[in-house]
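The values are calculated or read from the model by the stated rules, or taken from the named source; none is laboratory data. Given the structure is predicted, the values throughout are model-derived calculations rather than measurements. All Cβ positions, even for glycine, are placed from backbone atoms using ideal geometry, and neighbour counts span all protein chains on display. Keep in mind that these areas ignore ligands, DNA and RNA; they rest on the heavy atoms of the full protein, side chains included. Shrake-Rupley method; radii C 1.70, N 1.55, O 1.52, S 1.80 Å.
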Amino acid sequence: MFTTAKGNITWECKVDTTNEAKAKSAFAGPRAILSDNKGNHLVSYFDPPATWESLDGSSITGTQLAVLRK
């Protein structure tokens, strides 16, 4: 299968309810739409945990085992 992906990475502002000056940004995760070469939506990707979900609602969740560094 060949796909292209478009998506975003979301950060959330987490407020300390006892001290507003301690608000911090926290990683909320990515979301992406994987499409075929004609632009048809095939699969949605989101994290955490890393999950790929088909249009029929079936899904698979994976665990990252390695990172390729160039």
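Leaving out ligands and nucleic acids, and using a 1.4 Å probe, what accessible area per residue does the chain come to in Å²?
With the other protein chains kept in place, the chain gives 86 Å² per residue.
What's the local net charge at residue 14, with K and R +1, D and E -1, over the other residues with C-beta under 11 Å away?
In short, 0.
In a shell of Cβ-Cβ distance under 13 Å around residue 59, excluding residue 59 itself, what net charge do Lys and Arg (+1) and Asp and Glu (-1) give?
Charge balance in the 13 Å sphere: -3.
With a 10 Å radius around each residue's Cβ, average the other Cβ atoms per peptide and rank 13-24, 29-40, highest first.
Sorting 13-24, 29-40 by mean packing, highest first, produces 29-40, 13-24.
Enumerate the amide H contacts of residue 29 below 5 Å, restricted to partners 5 or more residues apart or on another chain; note that Pro and chain-start residues carry no placed amide H.
10
Among the lysines, which have Cα under 16 Å from the Cα of residue 6 when same-chain residues fewer than 8 positions away are ignored?
38
Restricting attention to the alpha-carbon atoms of the chain, what are Rg (one decimal) and Dmax (integer), both in Å?
In order Rg, Dmax, the Cα atoms of the chain give 16.3, 51 Å.
Mind listing the phi-derived Karplus ³J(HN,Hα) values for the stretch 49-66, rounded to whole Hz, using 6.51, -1.76 and 1.60 with θ = phi - 60°, and x for any glycine or proline?
With coefficients 6.51, -1.76 and 1.60, one gets x, 4, 9, 10, 10, 7, 5, 7, x, 6, 8, 9, 10, x, 10, 5, 9, 7 Hz.
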